[in-house]
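Comments concern the structure below.
The values are calculated or read from the model by the stated rules, or taken from the named source; none is laboratory data. Model, not experiment: these values are computed from the prediction. All Cβ positions, glycine included, derive from the backbone under ideal geometry; neighbour counts span all protein chains shown.
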Amino acid sequence: MQEDDILKLAQSLLYDRAMVSWNGEWVGAIAAITKPSVSAAGGDLNYSEIFIRDNVPVMVYLLLQKKYSAVKNFLTTCLSLQSQTPQTRGIFPTSFVEHDGVLVADYGQRAIGRVISVDATLWWMVLANAYVKHSGDRDWAAQPNVQSGIQKFLDLILQPSFREAPTLYVPDGAFMIDRPLDVWGAPLEIQALLYGALRGAAALLRFAGSHSQPHTPNDCLSYARVLRRHLLKHYWVTSKTVQVLRRRPTEQYGTGIQNEFNIQTETIPHWLQEWLGDRGGYLIGNIRTGRPDFRFFSLGNCLGAIFDVISPNQQQSLFRLVMQNQQHLVAQMPLRICHPPLEDTDWRKKTGYDRKNLPWCYHNGGHWACLTWFLCIAMQRQNHSLPEDLQYTVKSFLKNCYELMLRQLPDQQWAEYHDGPTAYWIGQQARTYQTWTIVGLLLMHHFVNAPEGESRVLDLGL
Ligand code: GLC
């Protein structure tokens, strides 16, 4: 098939097969178009539901197509499903589905392992802000239901707790990685999203008018500042900072010490040396007392760049690191979700023998085409300020990523993910006709060919 035909096919799969209408309007897209085959699926049938996270690329694509009312309807529908029950008040559902004329939401009470998706709530704030910025629809943002939804979210975040750190503490699997993978505590993706959500909420609260609000834009912004400082101090690593980390004393007590989390040198893995090289840098996966997680999580790092958690210079180091580790992160299909995978005893103990998350599979080192556009916009936002050599490499790198997707995805029936060290195999349990894979290609096509500035699509710009 020619490129044009592939793109037309992708569009018609999205509009004619994936989008769901309810009361005569689109409310979002289902996660995968085909019915999951029972043998591959292990019986979990929720891919025919509308997931908030899977709809992020869909809504971004609709914004770029100026289909504003569809995005507004999605946001308003999700808002109407924000939990009102005392224990979960304020959270948005992972997914929802129409059942007998009613929308039924899943807040984790139906999910495998009963895990709640914390990212859905955070994504809503980011998307709502993007919608208002693109459409200019301030009246929507000013509506009492929208403002009160934001306040309920802030009640969850800006409340006293048994922790001092500004990070949001979550159970294992509370985001895109929604199965056990030792990502409990303060995983990067949640923290980067929290930063974006707080800044998005601050922008939206400004449209509230003059009546007094329990949480103000300034509350959000000062929390976001503390969070950013924390992430830069404890998550950002380069080969230089690792050398400092390796020589820190342990067992220190009190304020003004160097090793706040009492981290032993032995927890710093040797693969970091080659991975970082002398010019690379990235945000590590998690910080926990004595147990940092040095794995590289692609989405958390892309969001760290897109939301400017890391500075332009740090973003440059991140992109150098990605370029330098292409054989791991891209190989035959962009983008590896997390590197390196947990293996052997780590896999057994930390995932609880999770068959879907075998080493090099699924979340545990698998490759997800749907992630590539995040890297694309992260890189393009900075393109003008990158040194010329890097500008050129980044441009051809992104084109290559797009072509890898274009050449393979239609034949592979838009597989959900790819397995193995080179990502040559279609994921062992991958769904076909996965919506965010389809839209991921459309977004890559859009951005690779787009005029400068388009990549600021999730911009928080306050
Ligand atoms: C899987 C993924 C999750 C995604 C869902 C629907 O559970 O782990 O991130 O949202 O499928 O596609």
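Conditions: (1) part of a helix (DSSP H, G or I); (2) within 16 Å of the ligand (Cβ to nearest atom). I177 meets all but one. Number of the miss?
(1)
Sort through G200, G185, G209 and tell me the only one that's at positive phi and either surrounded by 15 or more Cβ atoms within 10 Å (Cβ to Cβ) or within 16 Å of the ligand (Cβ to nearest atom) (or both).
Working: G200 fails: at positive phi; G209 fails: either surrounded by 15 or more Cβ atoms within 10 Å (Cβ to Cβ) or within 16 Å of the ligand (Cβ to nearest atom) (or both).
Answer to the selection: G185.
Is there a residue in segment 26-40 that is in contact (Cβ under 8 Å) with a residue 12 or more places away in the chain, within 16 Å of the ligand (Cβ to nearest atom), more than 24 Å from G427 (Cβ to Cβ) and under 19 Å from the mean Cα position of the chain (by Cα)?
No; the residues of segment 26-40 include none that is in contact (Cβ under 8 Å) with a residue 12 or more places away in the chain, within 16 Å of the ligand (Cβ to nearest atom), more than 24 Å from G427 (Cβ to Cβ) and under 19 Å from the mean Cα position of the chain (by Cα).
Take segment 236-273 and flag every residue that is of a type in the set (D, E) and in contact with a helix residue (DSSP H, G or I) (Cβ under 9 Å, 6 or more places away or on another chain).
E260
When segment 223-259 is examined, which residues are found to be closer than 21 Å to A128 by Cβ and out of contact with any Phe, Trp or Tyr (no Cβ under 8 Å at 6 or more places or on another chain)?
Across segment 223-259, the qualifying residue is only Y223.
Do any helices (runs of 4 or more DSSP H) lying entirely in segment 325-435 carry at least 3 residues that are over 22 Å from the mean Cα position of the chain (by Cα) and of a type in the set (S, T, Y), and which ones are they?
388-408
Residues checked against (1) within 16 Å of the ligand (Cβ to nearest atom); (2) closer than 11 Å to W373 by Cβ:
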| residue | (1), (2) |
| --- | --- |
| Q412 | no, no |
| A415 | yes, no |
| T422 | no, no |
| Q429 | yes, no |
| T432 | yes, no |
| G440 | yes, yes |
| E454 | no, no |
| L458 | no, yes |
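Looking at G281, G277 in this structure, which one is under 20 Å from L227 (Cα atoms) and more than 16 Å from the chain's Cα centre (by Cα)?
Exactly one of G281, G277 is under 20 Å from L227 (Cα atoms) and more than 16 Å from the chain's Cα centre (by Cα), namely G281.
How many residues does segment 449-462 hold that are surrounded by fewer than 19 Cβ atoms within 10 Å (Cβ to Cβ) and in a helix (DSSP H, G or I)?
3
Restricting attention to segment 117-130, does a residue exist that is within 16 Å of the ligand (Cβ to nearest atom) and polar (S, T, N, Q)?
Checked segment 117-130: at least one residue is within 16 Å of the ligand (Cβ to nearest atom) and polar (S, T, N, Q).
If you go through segment 1-10, how many residues are touching a helix residue (DSSP H, G or I) at 6+ places or on another chain (Cβ under 8 Å) and surrounded by fewer than 16 Cβ atoms within 10 Å (Cβ to Cβ)?
2
Might you check whether a residue that is crowded, with 19+ Cβ neighbours inside 10 Å, in contact with a strand residue (DSSP E or B) (Cβ under 6 Å, 6 or more places away or on another chain) and at pLDDT 95 or above occurs anywhere in segment 142-161?
Within segment 142-161, none of the residues are crowded, with 19+ Cβ neighbours inside 10 Å, in contact with a strand residue (DSSP E or B) (Cβ under 6 Å, 6 or more places away or on another chain) and at pLDDT 95 or above.
Let me confirm something: among R179, R199, which residue is under 20 Å from the mean Cα position of the chain (by Cα) and over 27 Å from P340 (Cβ atoms)? I'd like the intermediate steps shown before the answer.
Details: R179 fails: over 27 Å from P340 (Cβ atoms).
Every option except R199 fails the conditions.
Let me spell it out: the conditions are (1) within 16 Å of the ligand (Cβ to nearest atom); (2) touching a helix residue (DSSP H, G or I) at 6+ places or on another chain (Cβ under 6 Å); (3) farther than 29 Å from Y195 by Cα, and V58 meets all of them except one. Which number is the exception?
In the conditions (1) within 16 Å of the ligand (Cβ to nearest atom); (2) touching a helix residue (DSSP H, G or I) at 6+ places or on another chain (Cβ under 6 Å); (3) farther than 29 Å from Y195 by Cα, V58 misses (3) alone.
I'm trying to understand the selection: among the residues of segment 185-213, which are touching a residue at least 60 places away in the same chain (Cβ under 8 Å) and in a loop (DSSP other than H, G, I, E, B)?
A186, P187, G209, Q213
Sort through V244, V170 and tell me the only one that's within 27 Å of L342 (Cβ to Cβ), surrounded by fewer than 20 Cβ atoms within 10 Å (Cβ to Cβ) and among the β-branched types (V, I, T). Lay out the reasoning, then the answer.
On the way: V170 fails: surrounded by fewer than 20 Cβ atoms within 10 Å (Cβ to Cβ).
Exactly one of V244, V170 is within 27 Å of L342 (Cβ to Cβ), surrounded by fewer than 20 Cβ atoms within 10 Å (Cβ to Cβ) and among the β-branched types (V, I, T), namely V244.
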